[in-house]
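> Let me begin by handing over the structure; questions about it come next.
The values are calculated or read from the model by the stated rules, or taken from the named source; none is laboratory data. All values derive from a computational prediction rather than experimental measurement. Cβ: placed from backbone, ideal geometry, glycine included. Neighbour counts: every protein chain shown.
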Amino acid sequence: MPPTRKKPQAPALTAKKQPAQQRGAETYERILEVAAALLAEVGIERLSTNLICSKAGLTPPALYQYFPNKYAVLYELGQRLMQQQNERVAVWMTPEVLSGPPEALEAALARLILDTYDVTRAFPGGVWVMRALRAVPTLAQVRLDSHQTITTQQTALLAQALPHAPQEQLYLVSRTAVELLYAAVEMLFDEDLPGPAVAQLVAAMVASHMKALRQSAADPTRH
C-alpha cells in the first residue's frame with residue numbers, strides 16, 4: 001500500500017505576543033499598516049513577511065516576535081475589520097427597529113449595508129482583507145465566527161420582538177440575513193452597481209420575510 005500522506009498543518013494564526021511597551025506597539029501597528037497597504041498593492045498570493053519587512057524597514061526577527069507568518073498578520077487585520085463591521089450592526093439593528101414597522105426595518109437594513117460598505121472601504125486594505133477572509137481557507141473561520149456572533153445577538157433581539165416565534169426559525173432568519181447583507185457588500189466591491197439600489201433591494205427582501213414572520217408569530221394557527 002502506498003504511504004499515507006500527512007495532511008498539511010495549518011499555519012498558526014494568532015500573534016505570538018502583544019506589545020507591552022510603546023515602541024513594540026508602534027512596530028506592531030507598523031506591520032499591520034504596511035501589510036494592509038501591500039495587500040491592496042500586490043494581492044494575497046504575493047504578500048510575504050519578507051516584503052512586509054522590506055517595506056516597513058524592519059528585520060524579519062522584529063516581525064516574527066509578534067507574527068509567525070503572513071496569515072497571522074491577515075488574521076489580525078481580519079479581526080479588526082470584522083469588529084468594525086459588527087459595530088455598525090449594533091447601531092442599526094436595535095430592539096426598537098426589530099419590533100417596529102417593516103418600513104423602518106427596511107430603511108435600517110439598507111443603511112446597514114451602505115454603512116458596512118463605507119466602513120470596509122475606509123479600512124486600510126479593507127476590500128482585500130475581506131476577500132482574503134473568503135479566499136484563504138485558513139482565514140475563513142474569522143469571518144464565520146464573526147457572523148456567528150452577530151447571528152446569536154440578532155436571534156436574541158428577535159426573540160424579544162417575537163416571543164412566540166420558534167427559536168430555530170429566528171436563528172435561521174438571522175443567519176441567512178447576515179450572509180445576505182454581507183454578500184451584498186461584497187458584490188458592491190466586485191461589480192459596478194448602484195449601491196443604494198442594491199441595498200434597498202436586499203433590505204426589502206429581508207424586511208418582507210420579517211413581516212411574514214411577525215404575522216405568523218402573531219397567529220398561532222399558522223404554525
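Condition check ((1) among the polar types (S, T, N, Q); (2) modelled with pLDDT under 95; (3) in a helix (DSSP H, G or I)) across all residues:
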site	(1), (2), (3)
A10	no, yes, no
T14	yes, yes, no
Q18	yes, yes, no
R23	no, yes, yes
V34	no, no, yes
L39	no, yes, yes
L47	no, no, no
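> Restricting to region 64-83, name every residue that is within 27 Å of G195 (Cβ to Cβ) and surrounded by 15 or more Cβ atoms within 10 Å (Cβ to Cβ). Step through it out loud before you land on a result.
In the first step, residues of region 64-83 are kept if they are within 27 Å of G195 (Cβ to Cβ); the result is 74, 77-83.
L74, L77, G78, Q79, R80, L81, M82 - these are the residues of region 64-83 that are within 27 Å of G195 (Cβ to Cβ) and surrounded by 15 or more Cβ atoms within 10 Å (Cβ to Cβ).
> I'm trying to understand the selection: among the residues of region 121-132, which are of a type outside the set (D, E, K, R) and surrounded by fewer than 20 Cβ atoms within 10 Å (Cβ to Cβ)?
The first filter runs over region 121-132 and keeps only residues of a type outside the set (D, E, K, R), leaving 122-130, 132.
Residues satisfying the conditions are A122, F123, P124, V127.
> Among the residues of region 191-207, are any surrounded by 15 or more Cβ atoms within 10 Å (Cβ to Cβ), outside any helix (DSSP H, G or I) and in contact with a Leu (Cβ under 8 Å, 6 or more places away or on another chain)?
Scanning region 191-207, I find no residue that is surrounded by 15 or more Cβ atoms within 10 Å (Cβ to Cβ), outside any helix (DSSP H, G or I) and in contact with a Leu (Cβ under 8 Å, 6 or more places away or on another chain), so the answer is no.
> Right, here's the next one. Which ones in region 83-102 are over 28 Å from L144 (Cβ atoms) and free of Cβ contacts under 8 Å to residues at least 40 places away in the same chain? Walk me through how you get there before you give the answer.
Going through region 83-102, the residues over 28 Å from L144 (Cβ atoms) turn out to be 96, 99-102.
Across region 83-102, the qualifying residues are E96, G100, P101.
> Moving to a separate point now. So for region 159-166 (the condition being of a type in the set (G, A, S), modelled with pLDDT of 95 or more, in a helix (DSSP H, G or I) and touching a Ser or Thr at 6+ places or on another chain (Cβ under 8 Å)), does at least one residue qualify?
No, region 159-166 contains no residue that is of a type in the set (G, A, S), modelled with pLDDT of 95 or more, in a helix (DSSP H, G or I) and touching a Ser or Thr at 6+ places or on another chain (Cβ under 8 Å).
> Also: Considering only residues that are loosely packed, with under 15 Cβ neighbours inside 10 Å and either more than 17 Å from R88 (Cβ to Cβ) or out of contact with any helix residue (DSSP H, G or I) (no Cβ under 9 Å at 6 or more places or on another chain) (or both), which ones fall in region 157-186?
Q160, P163, H164, P166, Q167, E168, L172, T176 - these are the residues of region 157-186 that are loosely packed, with under 15 Cβ neighbours inside 10 Å and either more than 17 Å from R88 (Cβ to Cβ) or out of contact with any helix residue (DSSP H, G or I) (no Cβ under 9 Å at 6 or more places or on another chain) (or both).
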